[in-house]
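Have a look at the structure below, then the notes.
The values are calculated or read from the model by the stated rules, or taken from the named source; none is laboratory data. All of these numbers come straight from a predicted model, not from anything done at the bench. Here the Cβ positions follow ideal geometry from the backbone for every residue, glycine too, while neighbour counts run over all protein chains shown.
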Amino acid sequence: MLDFLLIPAPLELKPVLQNLMHLYLYDFTEYTGEDVDEQGRFIDEHLDLYWIEPTRYPFLVLVAGKYAGFVLVRVSSAPGDTHPTHSIAEFFILKKYRRQKLGQRVAWQIFDRFPGRWLVEEVPENLPAQRFWRKLIGEYTGGKFQETQRPDWNGPVQEFEAPGGQGVTT
């Protein structure tokens, strides 16, 4: 089993996250059909907000000191809601590290780090992501999650409570 570190991404590592985001968005073109910009890059227009808004959290994943992926977490609250809702905005593990339970262990560590209500959304075309999230959320929660459709999202959404302390912490 791969040992990994999940670290908050400070501003000085933003270029690393931008480069990994480029790879993630390239992979995602299979589902979105997006094109590169004028400089031949894929850019996420929301990435800068992760170092500006206090309800966004960027993380990098390292394996043996090498960058292996990233996770972007958002926290939101509806007006009058006393409990925040956490969501995975983006989640990426380099292909080299997939199918080794790294993604599951990273996700569980994120859920443990942010106990409470979670929503995980997938685009309808990304069937592998749907299978991935259903399986790992099912294992994390002992099957105690709901899959719903939301009016503000065109795809499946898993909703659950993360008690914290359930998953792998290394």
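Observations, loosely collected:
- Residue ranges of strands (runs of 3 or more DSSP E) in region 87-170 with at least 3 members among the aliphatic types (A, V, I, L, M) and within 14 Å of the chain's Cα centre (by Cα): none
- Scanning region 43-64 for residues that are in contact (Cβ under 8 Å) with a residue 40 or more places away in the chain and either among the basic types (K, R) or within 21 Å of D27 (Cβ to Cβ) (or both) yields D44, H46, Y50, P58, F59, L60, V61, L62, V63.
- Taking the numbered list (1) at positive phi; (2) assigned to a strand (DSSP E or B) in turn, G40 passes all entries but (2).
- Sole exception among (1) of a type outside the set (K, R); (2) surrounded by fewer than 12 Cβ atoms within 10 Å (Cβ to Cβ); (3) in contact with a strand residue (DSSP E or B) (Cβ under 6 Å, 6 or more places away or on another chain) for M1, by number: (3)
- Residue in region 29-65 that is modelled with the highest pLDDT, counting only those that are loosely packed, with under 10 Cβ neighbours inside 10 Å and under 26 Å from G155 (Cα atoms): E45
- Residue match in region 74-95 (condition: farther than 24 Å from Y140 by Cβ and surrounded by 12 or more Cβ atoms within 10 Å (Cβ to Cβ)): no
- Only one entry in L13, L20 is within 15 Å of the chain's Cα centre (by Cα), over 23 Å from N154 (Cα atoms) and touching a residue at least 40 places away in the same chain (Cβ under 8 Å), namely L20.
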